[in-house]
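*Asks:* Take this structure, written in structure tokens, and hold onto it; I'll ask about it next.
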Amino acid sequence: MLLLRPFYRRTFKKLVIFGLIISIVFFIVNAVLNNFTIQNDNSTGVNVQNSNNNLMLGFDFNDILNFNPIDYISNNYYKTDDQGKNEPLAYQQTLSDYVSNYRNKLLDDEEEDSLLKNNDENGAAASHLRIAPEELQHVPLDNSVKLAADIATDSTKGDKGTGEQNLLDTETRTKLLHDFYRKIFESITKYSPAGKLDRKYHDNCPLRGDVGYDNFENWETLSYDSLRNCLIIPEETLNDLKEKHAAFVNSISGVVLGKQAYQGNGIVTVGGGKFSLLAYTLIETLRNTGTTLPVEVLIPHSDEGDDDFCQYIESNLNAKCIYFRDFLPQDIIDSFEFKGYQFKSLAISASSFANLLLLDADNLPLKSLDDIFDKEPYKSTGLVVWPDFWRRSTTPLYYDIADIDINLNKRVRNCIDDITPPWVYQDTGSDNKDVPLHDLEGTIPDPSTESGQLMINKVDQLATTLLSLYYNVNGPSWYYPIFTQKSQGEGDKETFLAAANYYKYPFYQVKSMIKVDGFHAPDESGFRGVAMLQYDMVQDYARYKLAQESILKKYGATAVSTEMKPDPNYKGHIQSFYEEYFDVAGKPNIDVLFVHSNHPKFDPLLLSEQQDLIYSGKHVRTYRRTEILQKHDLELEIYRNYAKILCGDPPKDSDNKYGILLKFKYLEPVVNTEKYDKMCTYIKDRLKYLQESHIDAIKGNL
């Protein structure tokens, strides 16, 4: 053994020297190839690759999980042009830069796929990176508007824009909106079709009037062939509409709006003229029902002058007036003549809120709305609409104009029933010749929309807002008859859902059927409907989810085969579906949420001039449904407020002989005239009647 010791010593020295040489060589090679070396984090098993800009040096899976891709893009969103000014990058380019220069250098596709299979922290890290681009890119690149609002920071995304970030000051925000909407209206001007539609119909158009929401026997009048054979649009005009529509959408695809332009939650309505008076009653009703959300009232340019009203609501009711000039440059205001239904689309754009409830000024809520933006279905969709009385009669030519693919061979719903598999109520081998067009894939779903109320997230659905604005600017001349051919209620109401459908954005349509309140006239002239009733979307959605569970349990998720036969217990119409899941006997009714008092409106001047709601010298109540009256005696509250602000006790030694607390531009021409005297007499007499009949009204004894 002693003879072997020198051998071991020599061998050991050689091994040490060899190891040192190998280590030095490895160190040199590693230094040279540093940018291409894969470092292994043994604690997690996540392989992290260094990038040329060293962004990822030393990252482990916790770094990946904490990495916020939205913040990364926001912080790298500007580039410097040749003049040294910061210009916003197009959204597509920013997203592309993020994916290619950052995300893909963390994990390649093969590594990502491997890690995603692990149900552990490593899989979570890989999943975080993979999901991020899809969260940023809401819709396909080839059919979308890419806006900076789509990459709002997590504080805005997480709380749906409740305003954790600092709001821009008024001057900065106004300039931001002016610059943005100048570009939008330049595109609208450039790509709006000239002239207007002739509104001519084929002689054999089968539409003879509205098809009711609950009408189950006139399906053939709603088929593709029937609706196509109504409104006449010459081929040359159709091609022009199609070209202009595509050009407009393309022109706004790279336009950027700063992420802080819209923040927070609130309610928006349109004032001006008599609508300022109605807006006041709306705001008072909101406060009486416990709603504390801020309110913004758009005053149209031609109706400015309600300064007293605006100052009062700002000082006392957490509300304020907003104006066209808050978001539109003066030359744009002067160039366009806005009116009627177009104002609601403009109010959405003008409002400062990221999440808003748009309410007509004559639409009164029955309970607090403070938490509606935190509830389903709004929370997951960002757009909620309510139904009108009628089924959709949009011409198929619209889908040609918008270049939307509709599948005439695939039925996906039966009116509001988009849950039950179609094979349950239709033979799998049958054609869709007599099926309503809007039951087919790609179309805007039934029923038509009643836009007296609408909820929208402008951060996530700004594209919906802009395209609906385009439809509304061109609405009276073109798109209103295209969306609502030969049906009642023509106006802005179909533009919002059409725009969302174009971009494939999510939305929820309240299923509970619109109802009417009113009274049988004492002069035996018949029933007089005075208000449309819309139902609580949260309760409605809960019933919808229960219907999904029940129908899935009943029919399962079985793949469709030609051997499947329709269920004879399904009546072939939606009545049984509706009665089983929404109008459920023995269960509490879904609450009425909005009372849209559209006919007559609570305009005391007009009502007094016409002596309306008076029969044989006696006043009558308009609302009769106890589910409304037992919550709030809306009429009583409204006339109590009118008496207070318009016809109060006059102060002594004052020219204010009516005791006017609030001045309205609408009423200024009749102040100190017989008409104003007559109005105050009407208000006071009606208030006295409503007070005396209150108990009988809430008991249902009228």
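The values are calculated or read from the model by the stated rules, or taken from the named source; none is laboratory data. These numbers were taken from a predicted model, which means no experiment stands behind them. Backbone-built Cβ (ideal geometry, glycine too); neighbour counts: all protein chains shown. What goes into the accessible areas is simple: the full protein's heavy atoms, side chains included, and nothing from ligands, DNA or RNA. Shrake-Rupley method; radii C 1.70, N 1.55, O 1.52, S 1.80 Å.
*Asks:* Starting from region 651-675, take each residue that is modelled with pLDDT under 95 and list its partners that are in a loop (DSSP other than H, G, I, E, B), counting only C-beta distances under 6 angstrom and pairs at least six apart or across chains.
*Replies:* Close Cβ pairs satisfying both conditions: Asn656/Pro650; Lys657/Pro650; Tyr658/Cys647; Gly659/Gly648; Gly659/Asp649; Gly659/Pro650; Leu661/Gly648.
*Asks:* Against the definition (open to solvent by less than 70 Å² (accessible area, probe 1.4 Å), more than 40 Å from the chain's Cα centre (by Cα) and at positive phi), how does Gly700 come out, yes or no?
*Replies:* Answer is no for this residue.
*Asks:* For region 382-425, which residues satisfy the criterion of being of a type outside the set (Gly, Ala, Ser) and under 30 Å from Gly264 (Cα atoms)?
*Replies:* Answer for region 382-425, where residues must be of a type outside the set (Gly, Ala, Ser) and under 30 Å from Gly264 (Cα atoms): Leu383, Val384, Val385, Trp386, Pro387, Asp388.
*Asks:* Right, next: What helices (runs of 4 or more DSSP H) completely inside region 415-524 contain at least 3 residues that are farther than 25 Å from Asp225 by Cα and not hydroxyl-bearing (Ser, Thr, Tyr)?
*Replies:* Correct list: 462-473.
*Asks:* A follow-up question, please. Quick one: count up the residues across region 603-656 that are among the acidic types (Asp, Glu), in a helix (DSSP H, G or I) and open to solvent by 30 Å² or more (accessible area, probe 1.4 Å).
*Replies:* Residues that pass the stated criteria total 3.
*Asks:* Checking Gln630 against (1) at pLDDT below 85; (2) over 30 Å from Gln539 (Cβ atoms); (3) of a type outside the set (D, E, K, R), only one condition comes out false. Which one?
*Replies:* For Gln630, the failing item is (2).
*Asks:* Tell me which of these Ser512 doesn't satisfy, since it passes every other one: (1) within 30 Å of Leu702 (Cα to Cα); (2) of a type in the set (S, T, N, Q); (3) under 17 Å from the mean Cα position of the chain (by Cα).
*Replies:* That leaves (3) as the condition not met.
*Asks:* On the given criteria, is Val385 in contact (Cβ under 8 Å) with a residue 12 or more places away in the chain, surrounded by fewer than 17 Cβ atoms within 10 Å (Cβ to Cβ) and of a type in the set (Val, Ile, Thr)?
*Replies:* no
*Asks:* Same structure, new question: Would you pick out the residues in region 363-373 that are in contact with a Lys or Arg (Cβ under 6 Å, 6 or more places away or on another chain) and surrounded by fewer than 24 Cβ atoms within 10 Å (Cβ to Cβ)?
*Replies:* Hit for region 363-373 is Leu366, nothing else.
*Asks:* Could you say whether any residue in region 416-434 is open to solvent by less than 10 Å² (accessible area, probe 1.4 Å), out of contact with any Phe, Trp or Tyr (no Cβ under 6 Å at 6 or more places or on another chain) and farther than 30 Å from Leu277 by Cβ?
*Replies:* Within region 416-434, one or more residues are open to solvent by less than 10 Å² (accessible area, probe 1.4 Å), out of contact with any Phe, Trp or Tyr (no Cβ under 6 Å at 6 or more places or on another chain) and farther than 30 Å from Leu277 by Cβ.
*Asks:* Name the single residue, out of those in region 324-356 being part of a loop (DSSP other than H, G, I, E, B) and farther than 30 Å from Lys375 by Cβ, that is most open to solvent (accessible area, probe 1.4 Å).
*Replies:* Top of the filtered list is Glu337.
*Asks:* Only one of (1) in a loop (DSSP other than H, G, I, E, B); (2) more than 22 Å from Arg543 (Cβ to Cβ) is not met by Lys367, so which one is it?
*Replies:* Here Lys367 meets the rest and fails (2).
*Asks:* Please determine, by comparing only the residues of region 500-528 that are polar (S, T, N, Q) and touching a residue at least 60 places away in the same chain (Cβ under 8 Å), which one is farthest from Asn457 (Cα to Cα).
*Replies:* Checked region 500-528; the qualifying residue farthest from Asn457 (Cα to Cα) is Ser512.
*Asks:* Where residues in region 454-495 are of a type in the set (Gly, Ala, Ser) and more than 18 Å from the chain's Cα centre (by Cα), which of them is least open to solvent (accessible area, probe 1.4 Å)?
*Replies:* Here the answer is Gly475.
*Asks:* Can you spot a residue in region 167-181 that is crowded, with 16+ Cβ neighbours inside 10 Å, modelled with pLDDT of 90 or more, touching a strand residue (DSSP E or B) at 6+ places or on another chain (Cβ under 6 Å) and outside any loop (DSSP other than H, G, I, E, B)?
*Replies:* no
*Asks:* Also, quick follow-up: Is it the case that some residue within region 371-382 is of a type in the set (Phe, Trp, Tyr) and either part of a strand (DSSP E or B) or free of Cβ contacts under 8 Å to residues at least 24 places away in the same chain (or both)?
*Replies:* no
*Asks:* Still on this structure, I have one more. Only residues that are modelled with pLDDT under 85, surrounded by 13 or more Cβ atoms within 10 Å (Cβ to Cβ) and in a loop (DSSP other than H, G, I, E, B): list them for region 572-597, please.
*Replies:* Within region 572-597, Gly572, His573, Ile574, Asp583, Val584, Asn589 meet the criteria.
*Asks:* Within region 397-412, does at least one residue satisfy the condition of being out of contact with any strand residue (DSSP E or B) (no Cβ under 7 Å at 6 or more places or on another chain), at pLDDT below 95 and crowded, with 22+ Cβ neighbours inside 10 Å?
*Replies:* no
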